[in-house]
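Asks: Sending over a structure as structure tokens; questions will come in a sec.
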Amino acid sequence: MPHDGQDDLRSGQPAPAHSGPAGLAAELVVVDELEPRIRMPTDLLRCITAGIEMAILIGIGFLGNATAKAFEQDVVDTSEHIARSLVKPLHSLAFIALLALPVALGVLLIRMSQLRRLAEAVVIGLIAAGVAVACNAILALPALAVLYRALIWSSHPGASVLDSYLAGLAAYLTVIGLSGRPKWRTYFWLAITFYCVTSLALPHTATVLSLLLSLLIGQAVGAGLRYAIGTTSDRPSAAEIAAALGQADAPLVEIRRVADGTMDNRRYTAISRDGTRLDVTVFDRDQQTADALYRIYRRVRVSSQALRNAAVTVSRAVERQVLMTYAVSDSGVATPRLKAAVRVGPEAAAIAKVHIDGLTLAELAEPPSQDELGGIYDAVLQLHRHRVTHRSLTPEHIQLSGPDRARVTLLEPGDGDVAASDLQARLDLAQLTAAIALLVGPAEAADLARRKLGTAAVRSLVPLLQPVVLHRSTRAELRRRKDVLPALRKGLLGSEPDTTPPPVQLERIRPRGVITLVAAVIAAYIVIGEFNRVKFGPVIHHSDWKWVLVGFALAALTYVGATWSLTGFVLEKLSWTRTLLAQLAGSFVTLVTPAAVGGVALNIRFLHKAKVAPADAASSVGVSQVFAFALHLMLLVIFFAVSGGTHTTPFHVPSWAYIALAVLGAIVLAVLLLPAGRRLVRARVAPALGQVIPRLLDIAQNPVKLTEGIGGALLLTLSYILCLYVSVLAVGGSAPFAEVAVVYLTGSAIGSVVPTPGGLGAVEAALTAGLTAVAHVATPNALSAVLLFRLLSFWLPIPVGWVALNYLQRHDAL
């Protein structure tokens with residue numbers, strides 16, 4: 001039994017008949033640290049899941065109010081065909097059942113001497129009921145009137161939305177737990193279902209959303225508080241584990257807990273009666289489901305072949321461990337031999353393996369030698385020849401043993417693959433190489449990898465050295481040592497860094513893509529809102545199509561300017577036609593990337609394919625961006641000055657703009673005054689200047705190229721300004737050219753900062769507001785002009801950009 005944090009139990013029970021002579025007694029020494037109360041990760045998972053479900057229901061309440069009300073009205077209309085005299089008694093009977101069942105369950109807990117759990121369930125149930133009452137008061141506030149109307153019948157304002165008793169009952173049952181009581185679970189679910197259905201059948205008493213929210217609030221409060229205060233441990237003790245293993249193999253005489261906070265599962269060392277030392281791993285059900293949300297996230301984000309398919313259930317985890325242990329042993333690679341795999345009660349299982357003396361790479365006092373690391377590569381390659389992978393090659397799972405540490409043992413191969421593909425084997429080697437680089441440095445790791453794997457195999461690893469597919473512990477260490485992975489890639493490429501292999505797409509969904517998608521949806525919502533707010537259909541109908549055609553020609557001219565802007569800042573000879581197609585392809589890329597990111601990346605990729613060295617490609621694009629930014633600022637200052645003197649009613653700059661500029665200037669000044677700020681600016685700016693300035697000096701020596709680049713950037717900006725100006729004229733508006741130029745230059749700057757595809761939403765809003773406030777264009781005309789401008793300059797080139805992108809990809813030019 002537990003005593004001062006340890007269970008030191010000596011039992012004199014007879015040994016099983018098969019293990020020795022009859023009547024032979026065995027003394028079992030148990031040293032355990034099984035906590036009497038634990039925080040179960042599954043409780044936190046249930047709390048989070050309930051919170052997500054509540055958010056979804058609230059969203060349904062906002063968006064599907066009419067549908068929900070129609071469904072509930074159908075339920076009431078159907079109930080009217082039932083004798084009204086039966087509905088109320090049935091509802092009362094269901095309520096009585098919900099009162100009697102918790103009492104009966106409480107009596108059972110008292111008989112089982114689980115008074116503390118019963119008291120916690122009652123208190124937490126009362127807290128959940130109080131939370132429901134508080135939510136009712138909050139929902140009655142005027143600010144939440146829309147949600148309040150979605151959750152109640154409109155004919156009964158002021159009524160309570162949530163059922164506080166139902167919320168308290170859900171919390172009560174969550175704390176007690178019904179997983180091991182299938183009959184009680186059936187009784188409660190029948191009673192709750194019957195109660196909810198009869199509540200809906202009674203007119204104007206409850207809604208589907210309110211009942212579901214009541215249950216979810218109870219579950220969230222119950223699971224969250226049970227996780228916070230902990231619960232009585234139902235995990236099997238070390239003595240129970242020893243008894244289960246003794247029935248499967250030789251009885252144990254000693255079992256001791258291994259304290260290791262880095263492991264998800266409990267670890268023990270044990271000694272059997274014949275003197276064999278065993279390593280025991282215990283798989284508890286709650287631990288297996290602890291990372292369920294993380295596994296779902298990984299499954300959504302990472303491609304299937306690159307994913308390590310961790311088992312969720314206890315049975316699957318044990319089966320996978322056993323299969324991989326046999327597969328690794330059969331390949332001729334040393335791994336601890338499986339001794340026994342047994343179930344320990346309904347919610348846990350244990351695996352016992354023969355212990356091998358040695359030190360893991362993480363336990364070594366000094367870095368391993370090249371010979372020792374070479375032996376590790378030999379063992380992994382031997383594994384791969386049998387189409388088996390390990391997929392967890394971290395320092396904790398690689399052991400060296402023997403007098404000269406020449407024997408390599410691979411521990412815990414449960415995350416590996418059988419019948420592994422080439423990609424899975426390369427991912428295994430990429431993980432091993434990254435782990436070794438963290439131990440001995442990227443240069444030494446790269447030299448060893450080239451010597452053991454060969455130049456071709458090493459080059460194929462470079463695109464796979466992505467944090468997203470490495471082991472979790474390796475990713476955490478690489479986040480602390482950010483210089484290791486870039487240096488390792490460079491070292492693996494050796495003397496040919498300019499021929500970087502193409503990247504391998506290992507992610508289904510990237511966080512940046514999700515953020516961009518969300519921002520695009522918000523932007524589309526803003527644009528659609530403007531469509532609904534302003535009736536500009538008649539304005540478009542009466543547009544002058546001659547000006548529309550001129551605007552279309554100006555929008556096409558922007559791609560000529562972009563082409564000259566790029567070719568002018570590249571000293572190498574480029575195909576003008578393919579460069580023009582690359583700029584057209586950028587119009588399609590900006591549909592799925594922020595405006596300031598997609599075009600730059602595409603141009604660098606295009607220059608790389610055009611045999612321009614990566615450093616020169618990046619510096620050339622950087623120079624073009626610097627000149628574009630400088631011209632942008634210069635034109636903004638010029639047109640701002642001109643617009644103030646040419647219009648009889650110059651636009652008024654609001655006072656908040658001066659305040660914002662003053663605050664921005666103060667922040668910049670403070671950053672430059674502080675040593676840490678100067679270091680940060682220097683760290684950010686110096687690498688870019690180190691690339692841009694030498695390239696700029698080279699281009700300055702060629703006046704023709706410099707003129708071509710500057711002229712292209714100027715043509716690009718002026719074409720966009722003229723396109724917007726012509727769009728205003730096309731819809732019947734009028735505005736001074738200088739003020740339209742100020743509006744465009746300001747709006748495009750905002751669009752380049754906002755992380756939406758092509759500045760979607762932000763550009764429309766900024767240009768419309770600018771034309772209205774600065775150029776004094778009527779709001780319907782301003783919005784129509786902006787939408788026409790965006791149609792000509794952003795939307796219409798997208799199909800052409802898609803064709804250009806596919807053409808360049810087919811001809812290996814992108």
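Asks: Cβ-Cβ distance below 6 Å, separation of 6 or more or different chains: which pairs start in segment 331-354 with a residue that is assigned to a strand (DSSP E or B) and end on one that is among the hydroxyl-bearing types (Ser, Thr, Tyr)?
Replies: Final answer for the pair search is Ala334/Thr409; Leu338/Thr325; Ile351/Thr281.
Asks: Would you be able to say whether some residue in segment 639-648 is farther than 22 Å from Ala769 by Cβ, modelled with pLDDT under 80, assigned to a helix (DSSP H, G or I) and open to solvent by less than 50 Å² (accessible area, probe 1.4 Å)?
Replies: no
Asks: Which of the numbered conditions does Ala749 fail, given that it passes all the others? Conditions: (1) open to solvent by less than 10 Å² (accessible area, probe 1.4 Å); (2) assigned to a helix (DSSP H, G or I); (3) modelled with pLDDT of 75 or more.
Replies: Status for Ala749: all satisfied but (1).
Asks: A further question follows. Go through segment 356-472 and tell me which helices (runs of 4 or more DSSP H), entirely inside it, have 2 or more residues that are open to solvent by less than 10 Å² (accessible area, probe 1.4 Å) and touching a His at 6+ places or on another chain (Cβ under 9 Å). Walk me through it before giving the result.
Replies: Values: elements: 370-385, 422-440, 442-453, 455-461.
Correct list: 370-385, 422-440.
Asks: Next question. I'd like the residue in segment 609-631 that is in a helix (DSSP H, G or I) and of a type outside the set (A, V, I, L, M, F, W, C) and, out of all such residues, is nearest to Asp812 (Cα to Cα).
Replies: Taking segment 609-631 first, the residues in a helix (DSSP H, G or I) are 609, 614-631.
Narrowing further to those that are of a type outside the set (A, V, I, L, M, F, W, C): 609, 614, 616, 619-620, 622, 624-625.
On the way: Lys609: 7, Pro614: 17, Asp616: 20, Ser619: 22, Ser620: 21, Gly622: 24, Ser624: 24, Gln625: 25 Å.
The extreme case among them is Lys609.
Asks: What are the pairs with Cβ atoms under 6 angstrom where one residue, in segment 242-261, is within 18 Å of Leu338 (Cβ to Cβ) and open to solvent by less than 40 Å² (accessible area, probe 1.4 Å) and the other, located anywhere, is in a strand (DSSP E or B) and of a type in the set (Ser, Thr, Tyr)? Sequence gap at least six, or different chains.
Replies: Ala250/Ser272; Leu252/Ser272; Ile255/Tyr268
Asks: For segment 759-814, enumerate the residues that are of a type in the set (Lys, Arg) and either in contact with a strand residue (DSSP E or B) (Cβ under 8 Å, 6 or more places away or on another chain) or more than 29 Å from Val642 (Cα to Cα) (or both). Reasoning before the result, please.
Replies: Taking segment 759-814 first, the residues of a type in the set (Lys, Arg) are 790, 810.
The one that is of a type in the set (Lys, Arg) and either in contact with a strand residue (DSSP E or B) (Cβ under 8 Å, 6 or more places away or on another chain) or more than 29 Å from Val642 (Cα to Cα) (or both): Arg810.
Asks: Which of (1) open to solvent by 20 Å² or more (accessible area, probe 1.4 Å); (2) assigned to a loop (DSSP other than H, G, I, E, B); (3) not hydrophobic (A, V, I, L, M, F, W, C) does Pro236 not meet, given it meets every other one?
Replies: (1)
Asks: Please list, ordered by first then second residue, the pairs with beta carbon atoms under 8 Å, 6 or more apart or interchain, first in segment 768-793 and of a type in the set (Lys, Arg), second surrounded by 23 or more Cβ atoms within 10 Å (Cβ to Cβ).
Replies: Pairs found: Arg790/Val763.
Asks: Answer yes or no: is there a residue in segment 164-179 that is under 25 Å from Ala97 (Cβ atoms), at pLDDT below 85 and either among the charged types (D, E, K, R) or open to solvent by 60 Å² or more (accessible area, probe 1.4 Å) (or both). Reasoning before the result, please.
Replies: From segment 164-179, those under 25 Å from Ala97 (Cβ atoms) are 164-179; that's our starting set.
Those still in the list that are at pLDDT below 85 too: 177-179.
Among the residues that remain, those that are also either among the charged types (D, E, K, R) or open to solvent by 60 Å² or more (accessible area, probe 1.4 Å) (or both) are: 179.
Yes: segment 164-179 contains one or more residues that are under 25 Å from Ala97 (Cβ atoms), at pLDDT below 85 and either among the charged types (D, E, K, R) or open to solvent by 60 Å² or more (accessible area, probe 1.4 Å) (or both).
Asks: Now a separate question. Filter segment 203-233 down to residues that are open to solvent by 40 Å² or more (accessible area, probe 1.4 Å), in contact (Cβ under 8 Å) with a residue 60 or more places away in the chain and of a type in the set (Ser, Thr, Tyr) and give me whichever is farthest from Asp32 (Cα to Cα).
Replies: The selected residue is Tyr227.
The values are calculated or read from the model by the stated rules, or taken from the named source; none is laboratory data. Here the structure is a predicted model, which is why all the values come from computation and not from measurement. Note that each Cβ is placed from the backbone with ideal geometry, even for glycine, and that neighbours are counted across all protein chains shown. Note: accessible area is taken over every heavy atom of the protein model, side chains too, but ligands, DNA and RNA are not part of it. Shrake-Rupley method; radii C 1.70, N 1.55, O 1.52, S 1.80 Å.
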